Amino acid sequence: MHYTVIAIDDEKPFLDSIRRGLIHAGFPDCRIENDPRRAAEFFLDTANQVDVALIDVAMPYMDGLELLKVIRDNCPYTECIMVTALNDAQLAVECLKRGAYDYLVKPITPDDLALAVKRALERVNFAKILDMERRVGVPKIDNQAAFSHILAKSPRMLRVLKEAELHARSCVPVLITGESGTGKELVARAIHLASPRSKYPFLPINMASLTDSIFDAEFFGHAKGAFTGAQTDRKGFIESVGRGTLFLDEIGSIPLSQQAKLLRVLQEKEFIKLGVNRPKKTDCRFVAATNADLEALMQQGAFRKDFYYRLNGAWIHLPPLRERRDDIPLLAKAFLRGVSRDANLAELGEDAIDALMGYDFPGNVRELKAMIESAVNLAQGGPIRACHLPRNVRRVVKAPVTKGDFTEIRPLADIEREYILKVYSMTGKNKAKTARQLGIGLNTLRRKLRSYEGAK
């Protein structure tokens, strides 16, 4: 998936330099326009989707502020960066008041241009995520190829995947949380494939396996003679991945000393190889994952707050399988086709599906996959029945619900209120975490909590 940038300026040489700078910064889908009137006509057609617009303030026929109004009125997802030759604070404030995101003064360096566009793009993605949370219904994944290896049909999981797709377009670090076996590495890989970095390497690293004695050499590399046994130059993970993605799995397990070293890379975008004095720049992207409670680790002093906030540029929480039960039959049948000798004859009996649907899967998707593989061996080529599943799964029987099962009939609103407040308490009254666990928007949760306070 590519993002689109347009630059509007009446000076053709300046536009050509901007275009070269954008392409070099990783924005190949860029457009230039030297007539603001044609640009206005382009934006009046709401079918033309543009992520970021660079607009010169002083242009003939139509100035930049007039064009800014056209864009703000017709294209709410387009972020505008105003460009001018005058370093005028009053003009900058006026541009921001009228809806511009940023203000750049000529001459513009390639680094300043790239940074401004990347920040604007992150704001675009954030706005789309907020808008998605307010909408009712199942969002559509645009980049189906990147997410093809993740099977899901439950609305909650599809919303999570859509968030991942939107975050993939930016360069911010991503933190993926969730129980063991929920598919955190699969989502990290999908983020990489859906990003402009997809042509570069994706490198997964198990952080729990790196001791302090080998950490520097593995991550930063070393020069020949840096230490005893260093007979040649060696690239570390950061240098090897280039502009690709580093996936830091089990990030909650690394000691404070390693956190401090990675924090510098995240902050300064540079690292120092062992045996070399000069720092080297890096443009790799960090995606981290953990099943640990990082907030609890921070309270215990085992996880640095500054490192956490740097890693958590975007947060994606994967729900456990018991909270997306609609996906259980879909996943089970896919695993069955994958391990069966004859995929055409692979069959999952209704009694087996009922047993699986009633089980809580503490090991999540990984446990379901192992369960199906075992059942195939026991079924000996025949359909999988409940008797081929583990005993603890067969014990779970979903009894039909009857009126006699209820001790009292209560209003649905009361049950919802009780459940929301219980989850809110379980998360330590963390509103963002509660909203994520419930699968609702943060503003929706805030509104409900305010109404509950009013009812007291």
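The values are calculated or read from the model by the stated rules, or taken from the named source; none is laboratory data. From a predicted model like this one, the values you see are computed outputs, not experimental measurements. Cβ: placed from backbone, ideal geometry, glycine included. Neighbour counts: every protein chain shown. Ligands, DNA and RNA are stripped out before the accessible areas are found, and what is left, the full protein with its side chains, is counted by its heavy atoms. Shrake-Rupley method; radii C 1.70, N 1.55, O 1.52, S 1.80 Å.
Directionally averaged projected area (segment 253-343, Cα convex hull): 10.2 nm². When volume of the Cα convex hull per residue in Å³ is computed from the coordinates, the matching label among (i) 142; (ii) 199; (iii) 220 is (iii). Between 0 and 90 degrees, the angle of helix 442-455 with respect to the longest Cα principal axis of the chain falls at about 70 degrees.
Taking every DSSP bridge with both residues inside the chain, close to 10 percent are antiparallel. Restricting segment 140-224 to trypsin sites (Lys or Arg not before Pro) that sit in a DSSP loop and have at most 12 other Cβ atoms within 10 Å of their own Cβ leaves LYS140, LYS199, LYS224. On the basis of the beta-carbon distance and an R0 of 25 Å, ASN143 and ALA208 show a calculated FRET efficiency of 0.20.
Evaluated with a Cβ-only charge set (Lys, Arg +1; Asp, Glu -1), segment 1-160 carries a dipole of roughly 900 debye about its Cα centre, given to the nearest 20. Treating only the Cβ atoms of Lys and Arg (+1) and Asp and Glu (-1) as charged, compute the dipole magnitude of the chain about its Cα centre; round to the nearest 20 debye. Taking the Cα centre of the chain as origin, the dipole is about 1040 debye. Count charges around PHE335 for me, please; just the other residues with Cβ under 10 Å from its Cβ, Lys/Arg as +1, Asp/Glu as -1. Around PHE335, the charge tally is +2. Relative contact order of the chain, taken over Cα pairs closer than 8 Å and 6 or more residues apart, is 11 percent. Count charges around PRO255 for me, please; just the other residues with Cβ under 15 Å from its Cβ, Lys/Arg as +1, Asp/Glu as -1. Net of charged neighbours comes to -2. Between ARG325 and ASP414, residue separation times 0.36 nm minus the direct Cα-Cα distance comes to 29.6 nm.
For segment 41-159, the solvent-accessible area of protein heavy atoms averages 53 Å² per residue (probe radius 1.4 Å; ligands and nucleic acids excluded). The HN-Hα couplings worked out from phi for segment 52-62 by the Karplus form 6.51 cos²θ - 1.76 cosθ + 1.60 (θ = phi - 60°) are 9, 10, 9, 10, 6, 6, 9, 9, x, 6, 7 Hz, whole numbers, x standing for Gly and Pro.
Estimated from the Cβ-Cβ distance and a Förster radius of 35 angstrom, the FRET efficiency linking LEU297 and PHE126 is about 0.85. Taking the longest Cα principal axis of the chain as reference, the axis of helix 364-379 is set at about 40 degrees.
A crude spin-label estimate for the pair ARG366 and SER17, with each label 7 Å from Cα along the Cβ direction, gives 5.4 nm.
Of the trypsin sites (Lys or Arg not before Pro) found in segment 348-396, the ones in coil according to DSSP and having at most 12 other Cβ atoms within 10 Å of their Cβ are ARG395. Shown is the FRET efficiency for SER425 and ASN74, computed with R0 = 35 Å from the Cβ-Cβ distance and rounded to the nearest 0.05: 0.20. For the chain, the longest principal axis of the alpha carbon atoms and the long axis of helix 12-24 meet at an angle near 30°.
Across the accessible surface of the chain, with the other protein chains kept in place and a 1.4 Å probe, carbon and sulfur atoms take up 52 percent. Taking chymotrypsin sites (Phe, Trp or Tyr not before Pro) as exposed when their DSSP state is a loop state and no more than 12 other Cβ atoms lie within 10 Å, the longest site-free interval of the chain runs over 228-405.
The residues of segment 242-282 have, on average, 48 Å² of accessible surface per residue, using a 1.4 Å probe with all protein chains present. Dividing the helix sum by the residues of the chain, where each DSSP H run of 4 or more adds -39500 (n - 2.57), gives a mean residue ellipticity at 222 nm of -14000 deg cm²/dmol. Karplus-based coupling profile of segment 189-200, in residue order and whole Hz: 5, 5, 4, 4, 5, 8, 9, x, 8, 4, 7, 9, with θ = phi - 60° in 6.51 cos²θ - 1.76 cosθ + 1.60 and x standing for Gly or Pro.
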